[in-house]
1. Considering only residues of segment A:89-104 that are within 17 Å of residue A:62 (Cβ to Cβ) and in contact (Cβ under 8 Å) with a residue 12 or more places away in the chain, which is surrounded by the fewest Cβ atoms within 10 Å (Cβ to Cβ)?
2. Would segment A:8-15 turn up any residue that is within 14 Å of another protein chain (Cβ to nearest Cβ), closer than 26 Å to residue A:159 by Cα and not hydrophobic (A, V, I, L, M, F, W, C)?
3. What is the residue count in segment A:146-183 for residues that are within 17 Å of residue A:19 (Cβ to Cβ) and of a type outside the set (A, V, I, L, M)?
4. Collect the residues in segment A:69-95 that are at the interface with chain C (Cβ under 7 Å from one of its Cβ atoms) and not in a loop (DSSP other than H, G, I, E, B), keeping them in residue-number order.
5. Does residue B:73 qualify as being more than 12 Å from the chain's Cα centre (by Cα) and not basic (Lys, Arg)?
6. Select, from C:207, C:203, C:172, C:161, the only residue that is part of a helix (DSSP H, G or I), of a type in the set (Val, Ile, Thr), more than 8 Å from chain B (Cβ to nearest Cβ) and over 18 Å from residue C:96 (Cβ atoms).
7. Consider residue A:139 carefully, then state whether it is at negative phi and more than 16 Å from the chain's Cα centre (by Cα).
8. Of the residues in segment C:63-92, how many are within 12 Å of chain A (Cβ to nearest Cβ) and of a type in the set (Gly, Ala, Ser)?
Amino acid sequence: MFRGLSFALARGEALRVAGANGRGKTSLLRILCGLLVPTAGEVQWKGERIRELREEYSRQLVYLGHAPAVKDDLTAAENLAIACRIAAAPQSPAEIQRALERVEVPAGALLKKLSQGQRRRAALARLALSPSVPLWLLDEPLAALDARAARLIEALIAEHVAGGGLVIYTTHQDARIQGKVIDLDG
Amino acid sequence: MTAAGTRWFWYASPQTFYPLAGKMAPAFAIAAVVLAAAGLWVGLFVAPTDAQQGEAYRIIFIHVPAAWMSMFIYVVMAGWAALGLAFNTRLSGMMASALAPTGALFTFIALWTGSLWGKPTWGTYWVWDARLTSELILLFLYLGFMALQAAIDDPRRADRAGALLAIVGVINVPIIYFSVKWWNTLHQGASVSLKSAPTMAATMFAGMILMALAFWMYAIAVTLVRVRCIIAERGA
Amino acid sequence: MVDALACLLHRDLLLALRNRSDVGTALLFFIIVTTLFPLGIGAEPALLRAIAPGVIWVAALLSSLLSLGRLFAADHADGTLEQMLLGAAPLGAVVAAKAFAHWLVSGLPLVVIAPLIALQYDLPSSLYGALALSLLLGTPVLSLIGAIGAALTLGLRGGGVLLALLVLPLYVPVLIMGAGGVEMAAAGMGAQGHLLLLGAMLVGAAVFAPWAIAAALRIATE
């Protein structure tokens with residue numbers, strides 16, 4: 001799919017992966033979080049290969065893929081609480097409430113009763129609870145969001161980068177986030 | 001690494017194995033024909049007529065070796081599968097895939113000849129005895145393996161999924177066999193069993209061994225040809 | 001890690017609770033299948049008594065197969081499976097938790113309902129204990145072995161039927177020991193031997209299956 005790709009990212013930097021559909025943006029992200037094994041080459045985190053770090057590495061990242069990773073039969077609050085506990089970073093109900101307020105999603109309603117945009121934001125609320133997780137890998141974070149919501153999420157990302165975190169994200173659109181760009185079309 | 005070690009790994013690449021397989025296959029095919037001729041000659045002409053079953057028993061010269069091969073091939077297939085999973089070599093997965101249809105064929109032959117044997121001997125085409133029933137389940141295991149690989153488009157995933165299934169299967173085969181045997185003794189279904197083969201004269205045994213070797217050579221030859229097809233298909 | 005596993009178990013049970021119809025249909029299927037046999041074979045009491053253990057066990061096998069398709073498919077489709085792969089608990093433990101939740105929802109109800117079916121088949125009530133115990137030991141094995149198949153066939157076309165083809169041969173020992181145990185008890189010879197073997201299969205499956213399920217999931221999602 002792609003070859004000869006090489007880059008490095010340091011603290012406080014954002015990287016945007018651009019490219020048309022089918023160019024491998026999602027595959028690249030999945031390789032970066034260890035879900036996909038590349039046929040050649042390797043990923044290193046702080047100098048060590050992620051294949052050897054395994055759980056230590058996954059603990060230091062948040063990956064939000066194309067699919068929102070939420071259950072329609074649960075409320076937004078339940079979904080968020082579960083997502084955090086599975087990642088071994090449980091949060092108190094108050095913090096969950098605050099995170100959902102930040103992305104403007106009602107906490108107590110079942111997701112299947114919410115709109116598409118609200119569902120997407122409910123999944124992204126996880127970011128509001130992850131300032132201490134260094135690496136954010138986001139696949140099309142701004143998709144299916146209206147302008148206001150997109151600005152909310154961009155603000156979250158900018159905050160994280162300013163605080164010394166790393167963000168790698170893919171998007172079709174031009175995002176107004178400062179940072180490096182890799183174009184898989186080239 | 002020793003010279004022998006490097007040579008093995010060199011042949012583990014599909015590109016280098018392709019011509020090697022092409023050269024080896026005819027040799028095995030010839031061996032198969034020769035052994036089969038010898039085996040059939042012993043089985044049909046040299047081995048004595050059985051006192052109880054007459055001439056009909058001679059079908060065991062196909063039935064028993066086919067059954068042996070069906071089980072042997074499954075184990076070999078699982079072995080290649082395990083190698084492929086452990087060392088991540090593409091050729092191992094291809095060998096496992098190439099073996100499966102031959103194994104299934106031998107299982108089918110064993111079942112079919114067993115059925116043909118049953119009719120003149122005990123008047124029925126099918127008996128639920130432990131060995132035939134286990135052979136039937138083995139056939140399902142082979143067909144499941146082939147169906148799983150056929151359902152997966154990505155060759156890498158197909159190889160690895162099939163490999164896992166084959167390993168799970170090979171671990172279960174003894175369990176299945178013993179539980180079917182237990183089931184058979186408890187239920188006293190057929191009072192006949194295909195195990196009541198005529199007591200072995202040395203010539204009969206020799207005939208079966210020759211046929212088993214013939215089947216083995218055939219299996220190797222056919223698998224080598226098939227693996228060449230797989231290599232060509234995948235454009236490795 | 002224990003918290004993550006408890007959370008998963010709780011989540012699966014909560015989802016099953018909110019989707020009661022899914023669970024109910026599998027149980028209903030079990031009941032309907034057992035009703036079909038007398039309709040097909042005839043309702044002579046002696047015959048029904050003889051075939052009862054086998055019929056109930058085969059129905060349990062088929063019912064288990066039906067609900068296995070859902071084990072990983074939903075999580076795979078909405079991305080939660082990936083989050084589990086990236087989560088804090090080792091994948092073997094995660095799948096064990098999911099298989100356990102699956103059994104609680106689709107296997108345990110069969111254990112509870114079986115005596116009712118046995119009643120319909122005029123099985124003597126002295127055998128209910130052996131029947132329930134055999135199902136109690138056997139259905140978790142079905143869930144575990146079936147989960148291997150469910151993981152291998154994740155996302156494939158041919159789905160449920162392919163799963164059945166892969167898994168039913170592997171179910172044979174459990175069927176033989178389970179139904180056989182009840183039949184032994186019916187013949188007055190005691191079911192202990194069979195039940196002990198079932199127990200051994202359960203222990204074996206509990207130890208080895210999670211590894212195989214996790215490996216199959218990785219193969220299916222990489």
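1. A:95
2. No, that holds for no residue.
3. 9
4. A:82, A:83, A:85, A:86
5. no
6. One residue alone meets the criteria, C:161.
7. no
8. Residues that pass the stated criteria total 6.
Since every read-out is calculated from the coordinates, none of them should be taken as a lab result. It should be emphasised that the depicted structure is a prediction, and the values quoted were computed from it without experimental measurement. Because the Cβ atoms are built from the backbone with ideal geometry, glycine has one as well, and the counts that use them run over all protein chains shown.
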